[in-house]
């Protein structure tokens, strides 16, 4: 039996066709808890739904998202309706959602809200209990994973803003069941160092499960009781933990936490240089404006000079003379054409032209035209005009 060797694309395509042809998978209703929710700028919604043992990625396109009757949130228990299909590029299957309906709140979300309400009632979140962040910190303690992206971001941002800043990094667990205890020990240790001005507690983004250690009650009390001000930079901008509410300042990301803690020395130097350049530019601009104004006045004098006016009027006179000659010539041509037409018309209607065809004009002594035989017989003398002249004749016409 011959077995064809498939490429990865062919295999993924074959699996996709199998999944797409299944009626149940094409009309699925799946219940689970929302996590990793992301609203993309394109209008699409990306998230996962999970239960106690598994999770599956989901995507809802903009055309379906605009018709949603509820705004999905992390921790929300929902029933998603749609079809299961395979994304061939990654060889991963996911649910393409057409609708989302509520099915209750997730257990983690309920636990989060319960802990938040408890600590809030105890006053741990009150603004008046929060310590001021020093404007010109010289030494900063950093609590984070030594291998994560967060520590690199904090170091890069800090050194970029102030090359003289001193960072004391305390390696700690930021995920898992022992993470909160590790971070509590770090806070306690950094509080024993006198010259530390502020503490940053940070880690990169993750799911609600991965960030759950930052919702620990004992960690919240440790942050609240710290003698040193603490800035949290946990996850992404949309992620909120109990540690964020208790801390003295919450930053949306680890990089933003570094920006809050570290005085921007380079920025100040750049600002001084910028002020210097601005001052020079303003002075040069003012001088240029005054020079331009003088040039403008000089130009106005030149424009309004009598000499310039006379020279320009000479040009106007020449232009008017040329225009007058053109119009007179055109007038003469028009009148000439009228005379030619009138002459042609007179020539066409000249009675003398008729005489050349053999006709004659007969007149009495009073130069009245004789045009009937009756009148002719009554006359004794007439004048006859032919083409070459006229002559009077005596008539003797008998009736």
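Filter the range 19-54 down to residues that are closer than 17 Å to residue 90 by Cα and at pLDDT 90 or above, then give me how many there are.
Of the range 19-54, the ones closer than 17 Å to residue 90 by Cα are 19-20, 46-48.
Pick out the ones that are also at pLDDT 90 or above and you get 46-48.
Count: 3.
Quick grid of which residues meet (1) assigned to a helix (DSSP H, G or I); (2) within 60 Å of the chain's Cα centre (by Cα); (3) touching a residue at least 60 places away in the same chain (Cβ under 8 Å):
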position: 318; (1), (2), (3): yes, yes, no
position: 321; (1), (2), (3): yes, yes, no
position: 339; (1), (2), (3): yes, no, no
position: 342; (1), (2), (3): yes, no, no
position: 345; (1), (2), (3): yes, no, no
position: 367; (1), (2), (3): no, no, no
position: 376; (1), (2), (3): yes, no, no
position: 379; (1), (2), (3): no, no, no
- Query: Scanning for something touching a strand residue (DSSP E or B) at 6+ places or on another chain (Cβ under 7 Å), surrounded by 15 or more Cβ atoms within 10 Å (Cβ to Cβ), assigned to a helix (DSSP H, G or I) and not assigned by TED's automatic domain parsing to the domain that holds residue 197, does the range 149-167 turn up at least one residue?
  - Reply: no
- Note on the structure: Of (1) free of Cβ contacts under 8 Å to residues at least 12 places away in the same chain; (2) not assigned by TED's automatic domain parsing to the domain that holds residue 27, residue 90 fails just (2)
- Note on the structure: When (1) buried (at least 16 other Cβ atoms within 10 Å of the Cβ); (2) at pLDDT 95 or above; (3) in contact with a strand residue (DSSP E or B) (Cβ under 7 Å, 6 or more places away or on another chain) are applied to residue 184, the one that fails is (3)
- Task: Take residue 204 and decide whether it is at positive phi and crowded, with 19+ Cβ neighbours inside 10 Å.
- Result: no
- Task: Please indicate, with yes or no, whether at least one residue in the range 105-117 is farther than 23 Å from residue 240 by Cβ, in a strand (DSSP E or B) and over 34 Å from the mean Cα position of the chain (by Cα).
- Result: no
- Looking only at the range 73-83, decide whether some residue is in contact with a strand residue (DSSP E or B) (Cβ under 8 Å, 6 or more places away or on another chain), crowded, with 17+ Cβ neighbours inside 10 Å and in a loop (DSSP other than H, G, I, E, B). yes
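The values are calculated or read from the model by the stated rules, or taken from the named source; none is laboratory data. The structure presented is a predicted model; accordingly, all values stated were derived computationally and were not measured. As a convention, Cβ positions derive from the backbone with ideal geometry for all residues, glycine included, and neighbour counts pool all protein chains shown.
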